[in-house]
1. Once every Cα of the chain carries one equal point scatterer and solvent is ignored, give the base-10 log of I(q)/I(0) from the Debye formula at q = 0.07 Å⁻¹, two decimals.
2. How long is region 1-135 along each principal axis, judged by its Cα atoms, biggest number first, in Å?
3. So what are the three principal axis dimensions of region 214-256 from its Cα atoms, in whole Å, longest to shortest?
4. Determine the per residue accessible area of region 36-116 with all protein chains present and a 1.4 angstrom probe, expressed in square angstrom.
5. Given H placed on each backbone N at 1.01 Å, which residues far from residue 63 in sequence or on other chains put an amide H within less than 5 Å of it?
6. Quote the relative contact order of region 11-100 in percent (integer), defining contacts as alpha-carbon pairs under 8 Å separated by 6+ residues.
7. What ranking of 120, 75 comes out by heavy-atom accessible area, probe 1.4 Å, highest first?
8. Roughly how much of residue 115 is accessible, in Å² to the nearest 10, using a 1.4 Å probe?
Amino acid sequence: MRAERIRLHLLELLTWIFSLLVLIPLVLIVVNSFKTPAEATILTLNLPEVWHFENFLEVFRETNIVAAFFNSVFITVLSIGGSVFLGVTAGYVLSRRRDGVNRKLYGFFLVGMIVPVQIIALVQMLQKIHLMNTYAGLIFVYMAMFIPQTVFMSYGFVSTVPREMDEAAIMDGCGPLQLYFRVVMPLLKPVVVTLLITQFVFVWNDFQFPLYLIKSSSRWTIVLGVYNFLGQYSSQWNMICAYILLSSLPAVLVYLFGQKYIIDGMVAGAVKG
């Protein structure tokens, strides 16, 4: 009994340590976002002598954060909307019709989950098809990344839904579209919500793909706006921290609002395959 209590206390201590590894950088950003440029240069956890709330107003004055916000909304909504709709639809069809061709297609989607993205080849391909530095090119890249995961999760969840429900709906007069949208989609809600939340957080916070695929600053997503405060010889770290907080707020709110759906949806989508 004593050994068990010691083990639990050690696990609790390790949990606190791992939590601090995540929380300390967050606290660092929050504290330094209220400092003067001189105070924020050394990036310490010390509280500012005077809390400069005007730093956040300065972010709006010195950057196009509003335009970048709507760029991010446009790209994120179309990317995750397209990937979730197409992926869930494909997962449903592949799960219900498991012939030889569909099994190979499902295997193809599974391979897409493990093949790494090659940036150089991706850039060259987008240049060839004239989608470099366009919203469409970035949106298609995100959709291609997320559709395999969406197919995998929806395929597994649909496998747990009895076929008799489809047959009963058809006998009641449902056509293919009515069957899908009125019967199947409500059952897929846990998976769909989970996919929407996780993909939203990734796309909204993604720095790599917009950096390489979007060259025009007028089309930048919100996370790229931090470059406005980075210079060759000096950087405004207080403004950088304030900008990071503002740009991360939508993703944090979406995650906090939908976190209760994530575990249920992940488990539901991985029951069968």
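1. Evaluating at q = 0.07 Å⁻¹ gives log10 I(q)/I(0) of -0.37.
2. Here the spans come out as 67, 61, 27 Å, largest first.
3. 38, 25, 10
4. For region 36-116, the per-residue accessible area is 62 Å².
5. When sequence neighbours closer than 5 places are left aside, there are no close amide H contacts.
6. Averaging sequence separation for qualifying contacts and normalising by length gives 16 percent for region 11-100.
7. Descending order: 120, 75.
8. 90
The values are calculated or read from the model by the stated rules, or taken from the named source; none is laboratory data. Not measured: the values here are computed from a predicted model. Just so you know, the surface numbers come from the protein's heavy atoms only, side chains and all, with ligands and any DNA or RNA stripped out. Shrake-Rupley method; radii C 1.70, N 1.55, O 1.52, S 1.80 Å.
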